[in-house]
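Attaching a single structure in structure tokens format; questions to follow.
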Amino acid sequence: MNQYHRAHRQSINERDEFWAAEAARIHWETPFTDVVDASRPPFSQWFVGGRTNLCFNAVDRWAKKQPEHTALIWHSTEVERENRYSYAELLAEVQAVAAGLVELGVGRGDRVLIYMPMIPEAVFTMLACARIGAVHSVVFGGFAAVSLANRIDDARPDVIVSADAGSRAGKILPYKPLLDDAIARSQHPPRAVVMVDRQLAAFQKVAGRDHDYAALRARHLGAEVPVAWLESSEPSYILYTSGTTGKPKGVQRDTGGYAVALATSMDYVFQCKAGDTFFCTSDIGWVVGHSYIVYGPLLSGMATVLYEGTPVRPDGAILWKLVEQERVNVLFSSPTAIRVLKKQDPALLSRHDVSSLRALYLAGEPLDEPTATWISQGLGKPVIDNYWQTESGWPILSAQPGIEQTPLKFGSPSFPVIGFDVRVFNESTGEELPAGEKGVVAIVPPLPPGALSTLWGDDQRFVDTYFSSIPNQQVYSTFDWGLVDKDGYWFILGRTDDVINVAGHRLGTREIEESISSHSNIAECAVVGIADALKGQVAVAFAVLKNTTVIESEAQRSAHEAEIMRQVDQQLGAVARPARVYFVTALPKTRSGKVLRRVIQAVCEGRAPGDVTTMEDPAALAQIQAAVG
Ligand code: AMP
């Protein structure tokens, strides 16, 4: 692991030299004078004095160099359509939208909110904003009116670009009524709305406010729109973090640092180069979608696949079918998606030729060892666990095969990514912890290029939220609980609020989940700590079975529960044994696939579940309510 360690050490100890060299991966209209200004901690500004543009780097550069190469491939199993755009075509589409936005009065620094399904027009609009220096804020197309209104009021967009409807698992979800409702609720309504009409759901236009995307495009196709050369630290976008209550946190990303970080990651983390094909199954409404559907692959001159659909329609082989058809080199998905596939026929994994695929990357949730082994063996490909956050913008922990092929340990996202000075701290004393000890995972500032620069409009909240929770240290808390093993591999054990205290023993719920998941009949599970008069807290588990026929009577249920408790006993010790194991058919999750442990915990403790507007499947929560009575 020498090469990796050398590179990582250099990225921290010889930070300026390291990042100055990496910055050469992108075009600078004006060269920077300083690599980083960290004189006002915890704030940092990367590539001070440099001027660049994300759209120029992602589109124009390649449209000149390789105009006929494929840039964007769209597949929709929802509306049974596909489309592809070369770099030259992408540039034309982006300029047409950019000209349309300029016609609507959008300029540098103005906000444009994008509330759209997974269609090419969403990507064109993001890039068009970047081109003219407008700050986009993509809101996941599925958030309801109240969540959308909160985001409108925080970002105060001049223009909102939307579509008549999205479609999920064959069900049409009209957007316009939600959008109109949200605008009616907001204190700062936009001046204009641009609507893509997919002919999926009829909608009413508001005279004087609503415009037609197709008409704007037709008017401006062929237009040349000059690139706005932004200062490196000017914002490129705002992205609201999911799953929190209260006022949404608008993660603000810069321009130059983000471009450099993504280009660097494409090489070191993903081992990709121009001409390769990248398929990220996330949604453009999430950070993974921003970084690895849109900007990352295009900044590196690759083809990117935009997929509107689920992993199981028309059947559980659809992802592999697309890999075969598009000769995909890297697939990036989530553990949740793979756990969904695990419930399907394993033969589906070998129906298609996936020889083009170099590796599968998974991020967003803890990747349990059984799921990693199952998919890695099924595909015959390495599975690389990536740990990151909306705030970080790119992976914090990952294997970095582009630097060195290090052995993988399932259950671990390997090592800190170059540029991230990650450490483990004791959350009560602030003391830095040695290998083998559990604590809070934190990043020593300055945060690397690509990480959030602040929270939109609220520098103080940025400092208070992220840099004030570990005593005596001004470090960025990830609010994740983790440890480093004796070989230097990192393990994430769950959110700090998911750490439970059973009779004085501190346990990450993830450890218990891992143990339960290793049972051959468990597809997935969630463990939460609930208040207990005697022990402080006890663990309670909710498990989804692969084969439900083992539970047809109360006797079978209790035998199965006892078997799982015994397994945890043997693997972790009696202290970790859940007080109860409930069997359910689904777990409540956010739309981005994260298990809503806090909501489950609230229900178990008889409290109100709190903000559940981001919940994917309300029936799953109802099952939990019914189970715990
Ligand atoms: P978000 O900002 O919504 O993407 O959520 C970030 C959080 O997801 C992290 O703080 C972790 O708790 C969790 N997470 C993301 N990736 C991983 C991973 N590979 N392993 C464990 N937890 C993860």
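Check every one of the strands (runs of 3 or more DSSP E) wholly within segment 400-502 and list those with 1 or more residues that are more than 16 Å from the ligand (Cβ to nearest atom) and closer than 20 Å to Glu513 by Cα.
Once the strands (runs of 3 or more DSSP E) in segment 400-502 are filtered for at least 1 residues that are more than 16 Å from the ligand (Cβ to nearest atom) and closer than 20 Å to Glu513 by Cα, what remains is 499-502.
From Ile443, Ile470, which residue is surrounded by 16 or more Cβ atoms within 10 Å (Cβ to Cβ) and over 30 Å from Ala20 (Cβ atoms)?
Testing whether each residue is surrounded by 16 or more Cβ atoms within 10 Å (Cβ to Cβ) and over 30 Å from Ala20 (Cβ atoms) leaves just Ile470.
Check segment 2-10 and report whether any residue there is part of a loop (DSSP other than H, G, I, E, B) and under 24 Å from Cys272 (Cα atoms).
No; the residues of segment 2-10 include none that is part of a loop (DSSP other than H, G, I, E, B) and under 24 Å from Cys272 (Cα atoms).
Mind checking which residues of segment 445-500 are of a type in the set (Gly, Ala, Ser) and out of contact with any Asp or Glu (no Cβ under 6 Å at 6 or more places or on another chain)?
Scanning segment 445-500 gives Gly450, Ala451, Gly457, Ser468, Ser469, Ser477, Gly482, Gly488, Gly494.
From the list Thr33, Thr52, exactly one residue is among the β-branched types (Val, Ile, Thr) and within 27 Å of the chain's Cα centre (by Cα). Which is it?
After applying the criteria, what remains is Thr52.
Still on this model: Tell me, please, whether a residue that is within 12 Å of the ligand (Cβ to nearest atom), at pLDDT 95 or above and among the hydrophobic types (A, V, I, L, M, F, W, C) can be found in segment 340-361.
No - not one qualifying residue is present in segment 340-361.
Same structure again: Kindly indicate the residue of segment 222-246 that is within 22 Å of Ala155 (Cβ to Cβ) and more than 20 Å from the chain's Cα centre (by Cα) and also farthest from the ligand (Cβ to nearest atom) among those meeting that condition.
Ala228
Could you tell me which numbered condition Ser242 fails, if it satisfies all but one of (1) polar (S, T, N, Q); (2) exposed (fewer than 14 other Cβ atoms within 10 Å of the Cβ); (3) modelled with pLDDT under 95?
(2)
Suppose we filter Ser291, Ser265 for residues that are within 14 Å of the ligand (Cβ to nearest atom), buried (at least 24 other Cβ atoms within 10 Å of the Cβ) and not in a loop (DSSP other than H, G, I, E, B); which single one remains?
Ser291
Return the only residue of Ser333, Ser392 being touching a residue at least 24 places away in the same chain (Cβ under 8 Å), under 21 Å from Glu524 (Cα atoms), within 16 Å of the ligand (Cβ to nearest atom) and hydroxyl-bearing (Ser, Thr, Tyr).
Step by step, each of Ser333, Ser392 is checked, and only Ser333 is touching a residue at least 24 places away in the same chain (Cβ under 8 Å), under 21 Å from Glu524 (Cα atoms), within 16 Å of the ligand (Cβ to nearest atom) and hydroxyl-bearing (Ser, Thr, Tyr).
Report yes if Ala88 is under 24 Å from the mean Cα position of the chain (by Cα) and aliphatic (A, V, I, L, M), otherwise no.
Spelling it out, it is not the case that Ala88 is under 24 Å from the mean Cα position of the chain (by Cα) and aliphatic (A, V, I, L, M).
Another one. Please determine, by comparing only the residues of segment 541-598 that are crowded, with 20+ Cβ neighbours inside 10 Å and in a helix (DSSP H, G or I), which one is farthest from the ligand (Cβ to nearest atom).
Ile564
Additional query: Restricting the first residue to segment 472-501 and requiring it to be over 14 Å from Gly439 (Cβ atoms), which pairs with a second residue that is of a type in the set (A, V, I, L, M) and away from the ligand (no atom under 15 Å from the Cβ) meet a Cβ separation below 7 Å and a spacing of at least six or different chains?
Lys486/Ala435; Ile500/Leu507; Ile500/Ala539
Just to verify a result, which residue in segment 268-288, among those that are within 24 Å of His75 (Cβ to Cβ) and of a type in the set (Ser, Thr, Tyr), is nearest to the ligand (Cβ to nearest atom)?
Ser282
So Val94 ticks every box in (1) in contact with a Lys or Arg (Cβ under 7 Å, 6 or more places away or on another chain); (2) at pLDDT below 95; (3) crowded, with 23+ Cβ neighbours inside 10 Å but one. Which box is left unticked?
(2)
May I pose another question? Of the residues that sit in segment 245-262 and are touching a helix residue (DSSP H, G or I) at 6+ places or on another chain (Cβ under 8 Å) and at pLDDT below 95, which one is surrounded by the fewest Cβ atoms within 10 Å (Cβ to Cβ)?
Out of the qualifying residues, it is Lys247.
The values are calculated or read from the model by the stated rules, or taken from the named source; none is laboratory data. Please read all numbers here as calculations on a predicted model, not as lab measurements. With ideal geometry, Cβ positions are generated from the backbone for all residues, glycine too; neighbour counts draw on all protein chains shown.
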